[in-house]
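The values are calculated or read from the model by the stated rules, or taken from the named source; none is laboratory data. What you are looking at is a predicted structure, and each value in this text was computed from that prediction instead of being measured. A quick note on method: Cβ atoms are made from the backbone with ideal geometry, for glycine too, and the neighbour counts reach across all protein chains shown.
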Amino acid sequence: MTKNINLTLKVWRQKNSSAAGNFERLEAKDISTDMSFLEMLDIINEKLTLEGKEPIAFDHDCREGICGQCGSVINGRPHGPEKGTTLCQLHMRHFADGDELVIEPFRARAFKVVKDLAVDRSPLDQLIQAGGYISANTGAAPDANALPISKETAEMAFDAAACIGCGACIAACPNASAMLFIGAKVSHLNLLPQGKSEADKRTLGMVRKMDTLGFGNCTNERECEAECPKEISITNIARLNRGFIKASLFSSEK
Amino acid sequence: MKLDAKIPGGPIAEKWDRHRFELKLVNPANKRKFNIIVVGTGLAGGSAAASLAELGYYVKSFCIQDTPRRAHSIAAQGGINAAKNYANDGDSIWRLFYDTVKGGDFRAREANVYRLAQISNNIIDQCVAQGVPFARDYGGLLANRSFGGAQVSRTFYARGQTGQQLLLGAYSALNRQIAEGRVEMFPRREMLDLVIVDGKARGIVARNLITGESERHVADAVVLCTGGYGNVYFLSTNAMACNVTATHRAYKRGAYFGNPCFTQIHPTCIPVHGDTQSKLTLMSESLRNDGRVWVPKQKGDTRAPSQIPEDERDYYLERKYPSFGNLVPRDVASRNAKDQCDAGKGVGETGLAVYLDFADAIKRDGQDVIEQKYGNLFQMYEKITAQNPYETPMMIYPAVHYTMGGLWVDYNLMSTIDGLFVLGEANFSDHGANRLGASALMQGLADGYFVLPYTIGGYLTGTDLQPVSTSHAAFEASEQLITAQVDKLLSIQGKRTVDDFHRTLGLIMWDYCGMSRNDEGLNKARQKIQELRGEFWENVLVPGQGSDFNQSLERAGRVADFLEFAELMIIDALERRESCGGHFNEAFQTQENEALRDDDNCSYVSAWEYQGIDAEPVLHKEPLEFENVKLAQRSYK
Ligand SMILES: Cc1cc2nc3c(=O)[nH]c(=O)nc-3n(C[C@H](O)[C@H](O)[C@H](O)COP(=O)(O)OP(=O)(O)OC[C@H]3O[C@@H](n4cnc5c(N)ncnc54)[C@H](O)[C@@H]3O)c2cc1C
Ligand code: SF4
Ligand code: FES
């Protein structure tokens, strides 16, 4: 059932990456429970604009939970309270009239705030550049069915490949570690036969890159898995660790 | 200027091979001397940038989002076609070619479509090699499903996230080239002008979206892969940043715009819930494989769907089109849904919805099978509507989804400006007046992986390219134009927000240039758009500053372009004296209310040449010749 609710927001406002930020208190009135969280922010922004103020900067694009561009911390939880849900897919029916919401950007040493709720997640691209690919030049591929892959393996690789690169795992982690993100990519590619020949290089490259980019280490807090909107499993980290030990000990890729 | 599509001679099946042989090759040592700008990192741009870099070219790649992985292609759900015939159900390159030309209501260029069908198989091979986890059967081989407009099973898919997995494949290839220093990546940049020197595309000016600075980039060729313009309707299934800016500004610099009025309205989207909605969500067409579309037979029947007995339901697609049933092409399915709702049989709170029912499929195959196929789509539906489609039928309604129109290109994918290539949804090619499902992903990747890397070489070797610097007068002029526009937008300080204007424009377009059009409405719309554009430049309120991360300003620039471009769509719709595919003019229909083409007079691509904001654009026609496919009234009965 559709109804309308009123909320109080405390939103992080920060002019740019070098400015100091602070919380601003805003009233969200008459919000339809059918709206998405971002549509609620749209309404606030329209109002701020008409009042001659600057709207809240926030990142978003697909609004379908797949591009990974949205994401803020709502009452301490990246992407808000709903399990397995990105912020753009979170609907206002999960909030009650009178609720107070604290809205902050994803915070991590490796992510600088661009403005208000928008952050710079380019270090995630740098991690992929350190090995998150299979070297297969265009045009050199054999017939797609030349290499059967068991359904089970394909499904496992897929579960890991579903990561949308949003960075919530990093924002959720007390150490701001990127192990779930890397674990997902390494699992996706290393599980598949096509990815095996570069498996050790990939594992070592990505883990080492993570250390140089200011991400922390994994101390098994499991917050990443709990907050991941795509429910990427922490077993991907275990698989990554096993691969890392093996590669460090036995691989010629040093 | 006379349009020359540069279609190679010879039988259709040999054209592409022959053309590749005849194209001059670039000496490998020379490749690295060429600089190429690729704007956009979707399937078209990502695959093009990576493949060009692998060949040795130096590439600069641009996108609006904070990383290339978030291009709108990521959201494609259903699948990608290829003529592999793995299902052994009689598919072939010829059949894919034929289906695509027919599905496009015979308004596409045969030679391009044939090449697309040929290349489709290489795409699947390439993607599997990159690690794209396509669905497989128990024997470990690739699985297929069927999609609208085809009677064979040729669609490869990765759950309901095919676009995501394909894009991540292209993105990983792109990243490998970034790591090797062959591609320089510029995220959070928006191309705001094309720079032409001596009649050739030689660079772009882009806004750095974080600092607001204008940046000038020189190149030997410019490749636009900037996607479609469905957001001219405000509400669409496209991502929020999708726009017409790059192609529209190239049009204003002299590139002809092809078939701007050909837009696709997708039949299976979640209905609009209220007037604060920001975008519409697609429910993949693959659902029509197992879902049955129906409305109550009685007008104004407000009973819950479970209370309406079988014989009081009208499965109107199955009734009207017994051979294709629920799998008719999109334009047909959409118009039929609209007709049912217009006749008062729509369901849901607004009456603007029809049912898509899985009860029979669940009974037949079991819930687990349905869940495996569509689990994430059902979940998405439930998140948005709070209804469980395993228990009650989905409600769906058509929504703007794809734009077949785009910059006109020849067989080499080059526009009417030398050195300006256009790929993916941004060009007009291949889909005619209606795109079949699962063929946009195919086209984007065909263009980027397998067509442009050859054809651009032919251009670069055969062209005299003098050195150009960023201080050239043409760069200066472009930057001044951009700065003046930004200053103007910020200085108006009117009373209506950018979104407010955009929403108003969207409604005009939806009402008069949507699923069904007529001359009176189109003329009315044209006038309304002109008035709205006038008001925009006097009354828009854009907060903040130019030298800053300013999302309102970004949108203002895009809406300003939509306000100009929408008029071109109307002009094009008025000019075409027939109905075809997604363009349905009520004056041209058969007795059974199907689109009525006029092949004798309207077998052409319209290509519009810009003459100035308030001047009439000039129409050029590329006649379409059909030597291999017999023109026929489409029938899905
Ligand atoms: C919800 C949805 C589902 C779909 N499902 C399917 C499907 O199942 N099968 C299928 O075949 N097709 C599907 N489509 C269609 C298909 O996804 C698109 O047509 C296709 O992905 C377009 O790819 P592209 O590379 O041309 O452009 P896009 O992926 O749209 O990429 C455009 C790129 O250009 C950049 N850009 C745009 N303007 C500028 C500028 N001015 N400056 C700098 N950069 C710019 C953007 O940042 C982006 O990187 C679907 C579409 C939607 C909306
Ligand atoms: S693992 Fe999950 S939380 Fe982390 S980036 Fe991927 S999708 Fe986001
Ligand atoms: S906006 Fe794309 S995942 Fe939320």
### Query
Scanning segment A:47-73 for residues that are farther than 15 Å from B:GLY163 by Cβ and under 11 Å from the mean Cα position of the chain (by Cα), which turns out nearest to ligand 2 (Cβ to nearest atom)?
A:GLY71
### Message
Need a quick list: helices (runs of 4 or more DSSP H) entirely within segment B:7-85 having at least 2 residues that are within 11 Å of chain A (Cβ to nearest Cβ) and away from ligand 1 (no atom under 16 Å from the Cβ).
### Response
B:43-55
## Note on the structure
Residue set A:HIS188, A:HIS94; condition free of Cβ contacts under 8 Å to residues at least 60 places away in the same chain, crowded, with 24+ Cβ neighbours inside 10 Å and either within 16 Å of ligand 2 (Cβ to nearest atom) or not small (Gly, Ala, Ser) (or both); output residue A:HIS188
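Matching residues to (1) more than 14 Å from the chain's Cα centre (by Cα); (2) under 18 Å from B:ASN376 (Cβ atoms); (3) hydrophobic (A, V, I, L, M, F, W, C):
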{"site": "A:THR33", "(1), (2), (3)": "yes, no, no"}
{"site": "A:ASP42", "(1), (2), (3)": "yes, no, no"}
{"site": "A:THR85", "(1), (2), (3)": "no, yes, no"}
{"site": "A:CYS88", "(1), (2), (3)": "no, yes, yes"}
### Condition met for A:LEU124 (touching a helix residue (DSSP H, G or I) at 6+ places or on another chain (Cβ under 6 Å), in contact (Cβ under 8 Å) with a residue 40 or more places away in the chain and buried (at least 24 other Cβ atoms within 10 Å of the Cβ))
no
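Let's see how each residue does on (1) touching a residue at least 40 places away in the same chain (Cβ under 8 Å); (2) within 14 Å of chain A (Cβ to nearest Cβ):
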residue	(1), (2)
B:VAL205	yes, no
B:ARG216	yes, no
B:ALA219	yes, no
B:VAL223	yes, no
B:THR237	yes, yes
B:MET240	no, yes
B:ALA246	yes, no
### Residue in segment A:66-75 that is at the interface with another protein chain (Cβ under 10 Å from one of its Cβ atoms), surrounded by fewer than 23 Cβ atoms within 10 Å (Cβ to Cβ) and within 15 Å of ligand 3 (Cβ to nearest atom) present
no
#### Entry: Of the criteria (1) away from ligand 2 (no atom under 12 Å from the Cβ); (2) not assigned by TED's automatic domain parsing to the domain that holds A:ASN16, which one A:GLY76 fails
(2)
### Query
Could you say whether any residue in segment B:538-552 is in a helix (DSSP H, G or I), out of contact with any strand residue (DSSP E or B) (no Cβ under 8 Å at 6 or more places or on another chain) and either more than 24 Å from B:ALA239 (Cβ to Cβ) or modelled with pLDDT of 95 or more (or both)?
yes
### Query
Which of the residues belonging to segment B:220-236 are within 14 Å of ligand 1 (Cβ to nearest atom) and among the aliphatic types (A, V, I, L, M)?
B:VAL222, B:VAL223, B:LEU224, B:VAL232, B:LEU235
### Query
In the set A:ALA96, A:ALA57, which member is in contact with a strand residue (DSSP E or B) (Cβ under 9 Å, 6 or more places away or on another chain), hydrophobic (A, V, I, L, M, F, W, C) and facing chain B (nearest Cβ under 7 Å)?
A:ALA57
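Of all residues in segment A:219-249, count the ones that are within 16 Å of ligand 3 (Cβ to nearest atom) and either closer than 13 Å to A:ASN190 by Cβ or surrounded by 14 or more Cβ atoms within 10 Å (Cβ to Cβ) (or both).
Total meeting the criteria: 5.
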### Task
Go through segment B:580-616 and give me each residue that's part of a loop (DSSP other than H, G, I, E, B), polar (S, T, N, Q) and farther than 20 Å from B:LYS320 by Cα.
B:SER603, B:GLN611
### Query
Residues of segment B:618-631 being free of Cβ contacts under 8 Å to residues at least 24 places away in the same chain and out of contact with any strand residue (DSSP E or B) (no Cβ under 9 Å at 6 or more places or on another chain), which ones?
B:LYS630
### Task
Answer yes or no: is there a residue in segment A:212-235 that is over 14 Å from A:CYS173 (Cβ atoms), small (Gly, Ala, Ser) and within 16 Å of ligand 2 (Cβ to nearest atom).
yes
### Message
Take the residues in segment A:28-54 that are charged (D, E, K, R), facing another protein chain (nearest Cβ under 7 Å) and assigned to a helix (DSSP H, G or I); name whichever of them is farthest from A:LYS3 (Cα to Cα).
### Response
A:GLU46
### Message
What's the number of the only condition in (1) under 24 Å from the mean Cα position of the chain (by Cα); (2) crowded, with 23+ Cβ neighbours inside 10 Å that B:LEU235 fails to meet?
### Response
(2)
### Task
Determine whether A:LEU124 is within 8 Å of chain B (Cβ to nearest Cβ), out of contact with any Cys (no Cβ under 6 Å at 6 or more places or on another chain) and farther than 21 Å from B:ALA82 by Cβ.
yes
### Query
Are there any pairs, at least 6 apart or on different chains, whose C-beta atoms fall under 8 Å, with the first in segment B:148-170 and within 14 Å of chain A (Cβ to nearest Cβ) and within 19 Å of B:HIS266 (Cα to Cα) and the second acidic (Asp, Glu) and part of a loop (DSSP other than H, G, I, E, B), and if so, which?
none
## Note on the structure
Within segment B:56-83, of all residues that are over 23 Å from A:PHE58 (Cα atoms) and out of contact with any strand residue (DSSP E or B) (no Cβ under 8 Å at 6 or more places or on another chain), the one surrounded by the most Cβ atoms within 10 Å (Cβ to Cβ) is B:ALA76
### Near pairs, Cβ below 6 angstrom, 6+ apart or cross-chain, from segment B:423-445 (away from chain A (no Cβ under 14 Å)) to any residue that is of a type in the set (Ser, Thr, Tyr) and within 7 Å of ligand 1 (Cβ to nearest atom)
B:ALA426/B:THR226; B:ARG435/B:TYR402
### Query
If you take just the helices (runs of 4 or more DSSP H) that sit entirely in segment A:132-248, which of them hold at least 3 residues that are away from chain B (no Cβ under 12 Å)?
A:168-172, A:179-191, A:199-212, A:223-227
### Query
Which residues, taken from segment B:249-270, are under 15 Å from the mean Cα position of the chain (by Cα) and more than 14 Å from chain A (Cβ to nearest Cβ)?
B:PHE257, B:GLY258, B:ASN259, B:PRO260, B:CYS261, B:PHE262, B:THR263, B:GLN264, B:ILE265
### Query
Of the residues B:GLN466, B:GLN493, B:GLN480, which single one is of a type in the set (S, T, N, Q) and within 14 Å of chain A (Cβ to nearest Cβ)?
B:GLN493
